[in-house]
Amino acid sequence: MRKEAARLDASDTLRECRALFEIADDVAYFDGNSLGALPKAAPARIAEVVQSEWGQRLISSWNDADGEGAGWIDLPQRIGAKIAPLIGARRGEVIVADSVSINLFKLISAALAMRPGRKVVLSEPGNFPTDLYMVEGLEMQDLAERCLAERADIEAALDDNVALLMLTHVHYKTGEMFDMARLTKAAHDAGALVLWDLSHSVGAVPVDLNAVGADFAVGCGYKYLNGGPGAPAFAFVAERHQQALKQPLSGWMGHARPFDFTDDYEPAPGIDRLLCGTPQILSMSALEVGVDLMAGIGVDALVAKSRALSEFTREAMAQVVPELECVSPADPETRGSQLSWRHADAYALCQALIARRIIGDFRAPDVLRMGFAPAYVRYVDCARLVTELRDILDSGEWRKVEYAQRGAVT
Ligand SMILES: *Cc1c(COP(=O)(O)O)cnc(C)c1O
């Protein structure tokens with residue numbers, strides 16, 4: 001298996017990409033779906049923004065009057081335009097701002113306002129917690145009614161009370177991937193709008209929002225986009241909805257003319273109205289480096305490598321560690337760039353792997369999850385994961401007491 005892995009690495013068209021990231025050679029990093037690796041170009045870019053743009057040019061960096069300024073004010077749109085081709089969106093349909101949670105609040109509210117007389121936001125139980133919690137916040141204000149239907153029952157639950165179908169495209173725990181085209185159409189046929197959470201999709205699986213006619217989407221900057229811890233998120237609004245869109249976080253940066261300082265809010269034309277407060281320039285500068293890198297590799301190459309890596313691992317694991325039950329779909333066309341296995345002691349196994357510098361994660365209550373960030377994961381890393389896990393199980397090493405102690409973040 002190791003030989004086969006080395007052969008695959010040698011012929012991998014993305015083999016040079018790992019060197020663009022700051023990852024030690026002896027680290028097998030399977031957590032790029034939770035916190036993407038540091039692009040080597042990011043520290044210098046952040047230092048430049050801090051020392052030159054902030055330190056020297058000070059407030060003039062907001063503008064780009066002479067074409068040589070930093071143009072901070074345009075960063076949300078500029079990075080949005082670079083993310084757009086990764087998700088099948090047009091320029092002007094994507095903006096970078098705030099966190100996924102906050103963008104969910106804006107877009108769920110906007111969708112509810114577009115469907116007067118309907119209050120139901122339909123989702124699935126076990127969706128990423130923040131997505132469900134944000135609907136609860138709107139429920140508390142009596143603006144929404146949360147309804148959860150199991151995957152197989154979603155289409156049947158789309159009745160004429162549903163204002164919005166809100167789903168995460170790739171499930172964070174199991175890696176299951178929804179058929180975006182089919183569910184978007186089903187929601188539209190029922191008169192509902194659709195919001196896709198692309199946090200585990202962008203940069204790893206094919207997404208074509210406009211081809212499927214999606215209305216809204218949100219996604220994360222710190223996972224496959226490698227934007228750094230707490231990187232700002234992005235939001236997509238289909239062009240056809242932008243002029244009518246009303247979102248309640250009507251901060252001054254989303255105003256048509258913020259520097260008129262008027263008393264009354266007037267939303268900016270287009271996607272800019274999704275902005276709320278001042279953009280986080282330091283975080284956005286780091287995100288831009290990550291997005292440039294991923295956009296440079298291109299979505300097709302990323303998707304192809306992601307599938308090949310996860311297939312290699314799924315098959316090897318089934319052979320070498322058959323006692324672990326794979327809970328991700330066997331068909332790479334219906335799963336994201338991750339694999340999850342169930343084991344009663346998944347937490348301790350994960351800790352024992354981390355001690356051997358094989359970094360994946362645990363998701364409560366019993367899931368061992370490995371993400372395959374195609375830009376820097378190697379086939380030899382996958383082979384090592386499988387053989388070392390076998391060794392950890394056989395030796396009983398995972399029973400060490402320190403592997404049972406949980407930190408605040410798991
Ligand atoms: C990571 C993730 C988020 C993150 O939300 P933040 O508000 O940016 O912390 C949201 N939804 C999904 C599905 C995620 O995987």
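Where a number appears in this text, it was derived from the coordinates with a stated rule and is not lab data. From a predicted model like this one, the values you see are computed outputs, not experimental measurements. Reconstructed Cβ throughout: ideal geometry from the backbone, glycine too, with neighbour counts over all protein chains shown.
So what's the stretch 266-359 giving for Rg/Rh, alpha carbon basis, Kirkwood Rh from the mean inverse pair distance?
Rg divided by Rh gives 1.15.
Do any of LYS223/LYS246; LYS223/LYS400; LYS119/LYS246; LYS82/LYS223 go past 23 Å between their Cα atoms, and which?
LYS223/LYS246; LYS223/LYS400
Find how much the distance from ILE46 to TYR133 grows on full extension, using 0.36 nm per residue of separation minus their present alpha carbon separation; answer in nm with one decimal.
In short, 28.0 nm is gained.
At 0.36 nm per residue, minus the direct Cα-Cα distance, what do CYS147 and ALA364 gain on full extension? Give it in nm, one decimal, please. Before the final figure, lay out each step's value.
Numbers: separation 217, 0.36 × 217 = 78.12 nm, distance 2.33 nm.
Additional length available on full extension: 75.8 nm.
Roughly how many nanometres apart are two label points built 7 Å out from the Cα toward the Cβ at THR278 and ALA256?
So the label points at THR278 and ALA256 sit 2.6 nm apart.
Which order do PHE234, PHE105, PHE372 fall in if you start with the one that has the fewest other Cβ atoms within 10 Å?
Placing the least packed residue first, the sequence is PHE105, PHE372, PHE234.
Nearest 0.05, what FRET efficiency do TYR265 and ALA344 give at R0 = 41 Å with Cβ-Cβ as r? Working shown, then result.
Working: r = 54 Å, r/R0 = 1.32.
E(calc), rounded to 0.05, equals 0.15.
How many nm is it between the label spots at GLU311 and ALA211, if each spot is 7 Å from the Cα in line with the beta carbon?
Result: 1.8 nm between the two label points.
Which value in deg cm²/dmol, rounded to the nearest 500, describes the helix-derived mean residue ellipticity at 222 nm for the chain, given -39,500 (n - 2.57) per DSSP H run of n ≥ 4 and division by the residue count?
Computed mean residue ellipticity for the chain: -10500 deg cm²/dmol.
In the chain, once you exclude exposed GluC sites (Glu not before Pro) (DSSP loop, at most 11 other Cβ within 10 angstrom), what's the longest stretch remaining?
On the way: sites that count: GLU16, GLU68, GLU150, GLU323.
The reported range is 151-322.
Shape call for the stretch 8-59 from the C-alpha gyration tensor, a ≥ b ≥ c root eigenvalues: rounded (a/c under 1.5), prolate (a/b greater than b/c) or oblate? Intermediate values should be presented prior to the final figure.
Details: a/c = 3.68, a/b = 2.52, b/c = 1.46.
Judged from the Cα gyration tensor, the stretch 8-59 comes out prolate (a/c at least 1.5, a/b above b/c).
Considering only the other residues whose Cβ falls under 13 Å of the Cβ of LEU86, what net charge follows from Lys and Arg at +1 and Asp and Glu at -1?
0
Which aspartates and glutamates does LYS185 reach when only Cα atoms under 13 Å apart count, and residues fewer than 8 places away in its own chain are ignored?
GLU155, ASP215
Relative contact order, percent, of the chain when contacts are C-alpha pairs under 8 Å separated by at least 6 residues?
Details: 790 pairs, mean separation 89.7, N = 410.
Relative contact order, the chain: 22 percent.
Name the shape class, rounded, prolate or oblate, that the alpha-carbon gyration tensor gives for the stretch 160-257, where a ≥ b ≥ c are the square roots of its eigenvalues, rounded holds for a/c under 1.5, and otherwise prolate holds if a/b is larger than b/c and oblate otherwise.
Here the stretch 160-257 falls in the oblate category.
Determine, from the Cβ-Cβ distance of SER11 and LYS400 and an R0 of 56 Å, the FRET efficiency 1/(1 + (r/R0)^6), rounded to the nearest 0.05.
Given R0 = 56 Å and the Cβ-Cβ separation, E is 0.90.
If you take the square roots of the eigenvalues of the alpha-carbon gyration tensor of the stretch 279-328 and sort them as a ≥ b ≥ c, do you get rounded (a/c under 1.5), prolate (a/b over b/c) or oblate?
In terms of gyration-tensor shape, prolate.
How many nm separate the modelled label positions at ASP179 and ASP160, each set 7 Å beyond the Cα in the direction of the Cβ?
Taking the two extended label points, one gets 2.6 nm.
Straight-line reach from LYS3: which lysines have Cα under 22 Å away, leaving out those fewer than 8 places along the same chain?
Reachable lysines: LYS305.
Per 0.36 nm of contour for each residue apart, how much would the distance between ALA19 and ALA408 grow if the chain were fully extended, relative to their Cα-Cα spacing?
Extending this stretch completely gives an extra 136.9 nm.
Name the long-range amide H neighbours of GLU145: under 5 Å, sequence gap of 5 or more, or other chain; modelled H, no Pro or chain starts.
The list, which skips near neighbours in sequence, is VAL120, VAL121.
Based on the Cβ-Cβ distance of ALA330 and ALA301, what FRET efficiency does E = 1/(1 + (r/R0)^6) give at R0 = 30 Å, to the nearest 0.05? The partial results should precede the final answer.
On the way: r = 24 Å, r/R0 = 0.79.
That pair, ALA330 with ALA301, gives E of 0.80.
Treating each Cα of the chain as an identical point scatterer and ignoring solvent, apply the Debye formula and state log10 I(q)/I(0) at q = 0.08, 0.09 Å⁻¹.
So the normalised log intensities are -0.45, -0.57.
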